[in-house]
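What follows is one structure encoded as structure tokens, with my remarks underneath.
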Amino acid sequence: MEERDAVIVGARCAGSTLAIALAEQGWDVALVDRDTFPSDTISTHMMFPNTLAILERLGVLDTLRSEHTLSPVAWRVIGLGHENGGAFTPIDGFDRGISVRRIALDKAFVDTAVAAGVDGRFGERVVDLVGSGTEEDPVAGVVLESGDEIRAKWVFGADGRASTVAAKLGIEKERSQKGEIAFMWAYWSGIPDDGLATNDIQEDAILVRWGVEDGLTMLTATGPDEFTHGSHEDRLRNYMEVLGKFPDSIPPDQLEAGEMISDLVVAPESLMRGYFRRPTGPGWALLGDALHFKHPGTAQGIGDAVAQAIYVGDRLSGPSSDLQGYEQWHEGRAAEHYDWSFSWGRFPRPEVSEKLFRGWASESDASQDMRDVLTRRVLPSEAMNEERLARWFGTPTPA
């Protein structure tokens, strides 16, 4: 039996960030994951300036830069033909987003954690907890598939949507929401990097195009759930048909010259359903997708995971050394953004969406606010304030 200050189950964005934050404060941390690295996972990949500023401070970006060429991108939305775009308001010098394949990003996270003194236990599966998580019987460690135990005063579940930690504690998903859209994407070589993260939105299809690391491009096709059904050949045909609907955003000659270098990744609608879970209890806490899941339409997953990890690390290393405020902090941070994400997880309703897209495209301050919602500088309710909506929809502003 081993004894540590903390065991973190799940070593991707949330788990490794927390491991680094705790290790920097002198904690003895075991970071356990059933996967080895590099390995892949379904993700939007995008990181906005608020998250990049944290990763710079932690050294994760230095690790990435040492092995990969990164491609910063400005944000562009073409909504029902109305285009707006530009840089984000800078945060610690970052005014663009960066997208990195998870085989590269997660390896950079775990390499940085191990370099900070974390004990990485990769390729090992947690099968049970020590303790039931009640006041009388707090969680006090984990049991590995090998039968070994790691005892710790804190156990953190950063192990994704199907969290083992949450399941063993009986923590159910709450406040579920669902969207309408499903995704399929692949990585391409030979497509020019235009320095933009393009989201081109039609009534029945969406194209997302942006550069990832090392000169590659991620092309994502979005459609109704049924376009992900059928054989591999059916899916590939549906994917290419959606790409073909957007000749201005991905010109046919670029597709012809490019090469799809990966398998097609399929993310059905059922994988996009949102939820909250109770965040903490005696001896345990959840973070990342184990805690909460927004619709990927606003690409907040990595940023949420990193912010939660920093909050938990700071609280437990600070004077109070507890997580009594975690739920309130998390609820406040997620409140407007949860519903906002699912508004982007549905196809546009032209009678409403056309006026919104036109307004964002015609007013530079509104366009900037929309981008800065993604970096958490602006709330959705501020970007869509009553004065703007009244102007765009031709209705009187309430007195």
In the range 169-208, anything surrounded by fewer than 22 Cβ atoms within 10 Å (Cβ to Cβ), under 27 Å from A309 (Cα atoms) and out of contact with any His (no Cβ under 9 Å at 6 or more places or on another chain) is listed as G170, I171, E172, K173, E174, R175, S176
Of all residues in the range 111-141, which are open to solvent by less than 60 Å² (accessible area, probe 1.4 Å), touching a Gly at 6+ places or on another chain (Cβ under 6 Å) and part of a helix (DSSP H, G or I)?
-> T112
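How about the range 302-354: which of its residues are small (G, A, S), within 16 Å of the chain's Cα centre (by Cα) and under 28 Å from E180 (Cβ atoms)?
Correct list: G303, A305, A307, A334, S341, G345.
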What helices (runs of 4 or more DSSP H) completely inside the range 324-378 contain at least 3 residues that are at pLDDT 95 or above and open to solvent by 60 Å² or more (accessible area, probe 1.4 Å)?
-> 326-343, 350-362
Spot the failing condition for A74; the list is (1) part of a strand (DSSP E or B); (2) surrounded by 15 or more Cβ atoms within 10 Å (Cβ to Cβ); (3) in contact with a helix residue (DSSP H, G or I) (Cβ under 8 Å, 6 or more places away or on another chain), and only one is missed.
-> (3)
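Could you tell me which of the residues T63, T36, T89 is among the hydroxyl-bearing types (S, T, Y) and in a helix (DSSP H, G or I)? First the steps, then the outcome.
Details: T36 fails: in a helix (DSSP H, G or I); T89 fails: in a helix (DSSP H, G or I).
Testing whether each residue is among the hydroxyl-bearing types (S, T, Y) and in a helix (DSSP H, G or I) leaves just T63.
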Any residue in the range 224-250 that's more than 10 Å from M184 (Cβ to Cβ): show its pairings with residues that are among the hydroxyl-bearing types (S, T, Y) at Cβ separation under 6 Å, as long as the two are six or more apart or on different chains.
-> S249/T198
Just wondering, is there one or more residues in the range 35-48 that are among the charged types (D, E, K, R), within 26 Å of E124 (Cα to Cα) and either touching a Pro at 6+ places or on another chain (Cβ under 8 Å) or modelled with pLDDT of 95 or more (or both)?
-> yes
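Pull up the range 150-166, narrow it to residues that are over 22 Å from the mean Cα position of the chain (by Cα) and under 16 Å from G281 (Cβ atoms), then point me to the one that is surrounded by the most Cβ atoms within 10 Å (Cβ to Cβ).
Once the filter is applied, the top-ranked residue is V155.
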Restricting the range 303-323 to residues that are touching a Ser or Thr at 6+ places or on another chain (Cβ under 6 Å) and crowded, with 21+ Cβ neighbours inside 10 Å, which is farthest from V110 (Cα to Cα)?
-> G303
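Going through the range 1-58 one residue at a time, which ones are of a type in the set (F, W, Y) and open to solvent by less than 10 Å² (accessible area, probe 1.4 Å)?
Within the range 1-58, just F48 meets the criteria.
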Could you list all residues from the range 123-151 that are touching an Asp or Glu at 6+ places or on another chain (Cβ under 6 Å) and touching a residue at least 60 places away in the same chain (Cβ under 8 Å)?
-> R125, G131, G141, L144, I150, R151
If you check R377, R349, R371, R388, which single one turns out to be in contact with a strand residue (DSSP E or B) (Cβ under 6 Å, 6 or more places away or on another chain) and not hydrophobic (A, V, I, L, M, F, W, C)?
-> R371
Failed condition for A383, given (1) open to solvent by less than 10 Å² (accessible area, probe 1.4 Å); (2) touching a helix residue (DSSP H, G or I) at 6+ places or on another chain (Cβ under 7 Å); (3) in contact (Cβ under 8 Å) with a residue 24 or more places away in the chain; (4) of a type outside the set (V, I, T), with all others met?
-> (3)
Could you please let me know if R358 is touching a residue at least 40 places away in the same chain (Cβ under 8 Å) and basic (K, R)?
-> yes
Being under 17 Å from the mean Cα position of the chain (by Cα), at negative phi and basic (K, R) narrows R65, R12, R34 down to just R12
Out of the range 319-333, which residues are in contact with a helix residue (DSSP H, G or I) (Cβ under 8 Å, 6 or more places away or on another chain) and touching a residue at least 12 places away in the same chain (Cβ under 8 Å)?
-> L323, Y326, W329, H330, R333
Residues being in contact with a Lys or Arg (Cβ under 9 Å, 6 or more places away or on another chain), in a strand (DSSP E or B) and either among the basic types (K, R) or within 26 Å of K153 (Cβ to Cβ) (or both): count how many of those fall in the range 262-299.
-> 3
Only one of (1) open to solvent by less than 60 Å² (accessible area, probe 1.4 Å); (2) not in a loop (DSSP other than H, G, I, E, B) does not apply to M240, and that is (1)
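Rundown of residues vs (1) of a type in the set (A, V, I, L, M); (2) assigned to a helix (DSSP H, G or I); (3) farther than 27 Å from L356 by Cβ, yes/no style:
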| position | (1), (2), (3) |
| --- | --- |
| W188 | no, no, yes |
| T198 | no, no, no |
| E203 | no, no, no |
| L207 | yes, no, no |
| T220 | no, no, no |
| P247 | no, no, no |
| D253 | no, yes, yes |
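The values are calculated or read from the model by the stated rules, or taken from the named source; none is laboratory data. For clarity, every value in this text was computed on a predicted model and none was experimentally measured. Cβ sites come from the backbone with ideal geometry, for glycine too, and all protein chains shown count toward neighbours. To get the accessible areas, we keep the full protein, side chains included, count just its heavy atoms, and leave off ligands, DNA and RNA. Shrake-Rupley method; radii C 1.70, N 1.55, O 1.52, S 1.80 Å.
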